[in-house]
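Engineer: Supplied in structure tokens, the structure appears directly below.
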Amino acid sequence: MSKRTIVLMPGDGIGKTVLPEAVRVMEAVGFEAEYVHADIGWEFWCNEGNPLPQRTLDILEKHKISLFGAITSKPKSEAAKELNSELQNKGYVYYSPIVGLRQYFQLDICQRPCKTFKGNTLNFIRRGPNDTIEEPEVDVVVFRQNTEGLYGGVEWTDPPNNVYDALMSHPKFEKNFGWSPKEEVAISTRIFTKKYSERIIRAAFEYAKKFGYKKVTLCEKPNVIRETSGMMLAICREMEKEYEGISFNYTNIDAQMMWLTKNPETYGIIIAGNMFGDIVSDGFAGLVGGLGFACSANIGEDVAIFEPTHGSAPKYETFDPSIVNPIAMILSACMMLDHIGETEKAIKIRTAVAKVVKDGKVQSYDMLKLRGTQKVFDQGAATTQQITDEIIKNL
């Protein structure tokens, strides 16, 4: 059987550090693949005016499966200043390449598991009855709609006349915003479609059915954002009738952020639009160890990209030896293995990670609750590579 080809996109900052560690673990567990590098990130924005070159899109189109490290993104005005001098003032506009990937390949289904590892010193704890201390077990998978909503990129400052006139035809826009000069108006849209709302909701219910989750929750704001959140709620209400034994409810995003620290163990599968899914998944990730443990999948009909949800953390890129926690990247690789049918290998890796965390003999600086400096090694922290070595040792 020929080896599968995996596209590696290290990207920026610590993405270049943690991605090779995930590859080391996969090789150690016996996964054989050909790895192809693809360019993405800040270097290519500065030198080419495009952080997501066409050659990278072509490679992904061919091979379909990718592991992605991290990306540096900056506001439009700051990004423009960092272009090479020969590219300045030539109309180049910076757009997030990971958002670009999601939209180009319609990677509309984003899965973000947030699960407790026993023994993790970063796990959420709370005070229980009679001054007891409780450590609830969190097992949540957030299904975030990945291509629409506030991240859809349909926005203007000083909108063109046809857009402005259409908005002025809405009585609430005219009353509440018509007083402002047009050139001082900035507009970002939140657009949902029935097709892609149905896809993310169906994926969530199917996942719950497959893995035995008994509760699905829509986290939106249908009492205020009535059209978009309301459409998702209506689809959920209709779809829940097909899934006997799975209960459905909905929460408002603001209330959910309070409840996730009151009773996080009562949630299983959560569905949300793009922005609210981003928020609630980071909130739950904070209960199970933070971004050092937060993995994700971006899945479309043909292409799938797997990435940790931490950023590029460029201040840590030059640390030698590296202090960053590679577990989120390694768990993202596990999600990739699940996706391509290598579930047994994924289980072995997750089991090894769980054992390393529970044993507590080898811990990254964040697991020891230390500030991120190179002095952490004097306080018992392990290097990035030592954590990987310990995981491999426990496979």
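Engineer: Among residues belonging to the range 141-173 that are closer than 23 Å to Ser229 by Cα and charged (D, E, K, R), point out the one that is surrounded by the fewest Cβ atoms within 10 Å (Cβ to Cβ).
Structural biologist: Filtering the range 141-173 for residues that are closer than 23 Å to Ser229 by Cα and charged (D, E, K, R), the one surrounded by the fewest Cβ atoms within 10 Å (Cβ to Cβ) comes out as Lys172.
Engineer: Here's something else I'd like to know. Could you give me the residue pairs with C-beta distances under 8 Å whose first residue belongs to the range 168-184 and is within 11 Å of Asp158 (Cβ to Cβ), whose second residue is in a loop (DSSP other than H, G, I, E, B) and at pLDDT 95 or above wherever it lies, and which are 6+ apart or on separate chains?
Structural biologist: That search, which allows pairs on different chains as well, returns Lys182/Asp158; Lys182/Pro159; Glu183/Asp158; Glu184/Asp158.
Engineer: Give the residues of the range 342-367 that are farther than 20 Å from Glu317 by Cα and outside any helix (DSSP H, G or I), sorted by residue number.
Structural biologist: Kept after step one, since they are farther than 20 Å from Glu317 by Cα, are these residues of the range 342-367: 342-362.
Passing the criteria: Glu342, Gly360, Lys361, Val362.
Engineer: Out of all the residues in the range 63-82, which are closer than 17 Å to Phe44 by Cβ and of a type in the set (Gly, Ala, Ser)?
Structural biologist: Passing the criteria: Ser66, Gly69, Ala70, Ser73, Ala79, Ala80.
Engineer: Can you name every residue in the range 212-224 that is surrounded by fewer than 16 Cβ atoms within 10 Å (Cβ to Cβ) and either in contact with a helix residue (DSSP H, G or I) (Cβ under 9 Å, 6 or more places away or on another chain) or modelled with pLDDT under 95 (or both)?
Structural biologist: Within the range 212-224, the first condition is being surrounded by fewer than 16 Cβ atoms within 10 Å (Cβ to Cβ), and the residues that meet it are 212, 214-215, 223-224.
Once the filter is applied, which keeps residues that are surrounded by fewer than 16 Cβ atoms within 10 Å (Cβ to Cβ) and either in contact with a helix residue (DSSP H, G or I) (Cβ under 9 Å, 6 or more places away or on another chain) or modelled with pLDDT under 95 (or both), the range 212-224 yields Lys214, Lys215, Asn223.
Engineer: For the range 88-121, which residues satisfy the criterion of being in the same structural domain as Ala33 (by TED's automatic domain parsing) and either free of Cβ contacts under 8 Å to residues at least 40 places away in the same chain or small (Gly, Ala, Ser) (or both)?
Structural biologist: Gln88, Asn89, Gly91, Val93, Ser96, Gly100
Engineer: Let me ask something additional. Which of the residues belonging to the range 252-283 are aliphatic (A, V, I, L, M) and touching a helix residue (DSSP H, G or I) at 6+ places or on another chain (Cβ under 9 Å)? Please lay out each step first, then the result.
Structural biologist: Our first condition is that a residue be aliphatic (A, V, I, L, M); within the range 252-283, this holds for 253, 255, 257-258, 260, 269-272, 275, 279-280.
Passing the criteria: Ile253, Met257, Leu260, Ile269, Ile270, Ile271, Ala272, Met275, Ile279, Val280.
Residue by residue, here is whether (1) hydrophobic (A, V, I, L, M, F, W, C); (2) more than 12 Å from Val142 (Cβ to Cβ); (3) without any contact (Cβ under 8 Å) to a residue 60 or more places away in the chain holds:
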| position | (1), (2), (3) |
| --- | --- |
| Asn252 | no, yes, yes |
| Trp259 | yes, yes, yes |
| Thr266 | no, yes, yes |
| Ala272 | yes, no, no |
| Asp282 | no, no, yes |
| Ala294 | yes, no, no |
| Asp302 | no, yes, no |
| Pro308 | no, yes, no |
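Engineer: Okay, next question. Given the range 218-321, what helices (runs of 4 or more DSSP H) lie entirely inside it while holding 1 or more residues that are under 14 Å from the mean Cα position of the chain (by Cα)?
Structural biologist: The helices (runs of 4 or more DSSP H) meeting that bar are 274-285.
Yes/no per residue for (1) modelled with pLDDT under 95; (2) in contact with an Asp or Glu (Cβ under 9 Å, 6 or more places away or on another chain); (3) over 30 Å from Val357 (Cβ atoms):
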| position | (1), (2), (3) |
| --- | --- |
| Trp42 | no, yes, yes |
| Pro53 | no, yes, yes |
| Ile98 | yes, yes, no |
| Phe105 | no, yes, yes |
| Lys118 | no, yes, no |
| Phe124 | no, yes, no |
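Engineer: Test Met335 against the criterion of being under 21 Å from Ile98 (Cα atoms) and crowded, with 19+ Cβ neighbours inside 10 Å, and give yes or no.
Structural biologist: yes
Engineer: Could you tell me whether any residue of the range 275-286 is aromatic (Phe, Trp, Tyr), out of contact with any Cys (no Cβ under 7 Å at 6 or more places or on another chain) and assigned by TED's automatic domain parsing to the domain that holds Met232?
Structural biologist: Applying the first criterion (aromatic (Phe, Trp, Tyr)) to the range 275-286 yields 276, 284.
After this cut, where a residue has to be out of contact with any Cys (no Cβ under 7 Å at 6 or more places or on another chain) as well, the list is none.
Looking through the range 275-286, none of the residues is aromatic (Phe, Trp, Tyr), out of contact with any Cys (no Cβ under 7 Å at 6 or more places or on another chain) and assigned by TED's automatic domain parsing to the domain that holds Met232.
Engineer: I need the full set of residues from the range 338-371 which are without any contact (Cβ under 8 Å) to a residue 60 or more places away in the chain and surrounded by fewer than 16 Cβ atoms within 10 Å (Cβ to Cβ), in order please.
Structural biologist: Gly341, Thr343, Glu344, Ile347, Thr351, Lys361, Arg371 - these are the residues of the range 338-371 that are without any contact (Cβ under 8 Å) to a residue 60 or more places away in the chain and surrounded by fewer than 16 Cβ atoms within 10 Å (Cβ to Cβ).
Engineer: Which one is surrounded by the most Cβ atoms within 10 Å (Cβ to Cβ) among residues in the range 294-308 that are of a type in the set (Val, Ile, Thr) and under 18 Å from Ala346 (Cβ atoms)?
Structural biologist: For the range 294-308, the residue satisfying everything is Ile305.
Engineer: Which of the numbered conditions does Gly273 fail, given that it passes all the others? Conditions: (1) touching a Pro at 6+ places or on another chain (Cβ under 6 Å); (2) surrounded by 19 or more Cβ atoms within 10 Å (Cβ to Cβ).
Structural biologist: (1)
The values are calculated or read from the model by the stated rules, or taken from the named source; none is laboratory data. If you're wondering where the values come from, they're calculated on a predicted model, not measured in any experiment. Counting neighbours? That spans all protein chains shown, and the Cβs are built from the backbone with ideal geometry, glycine included.
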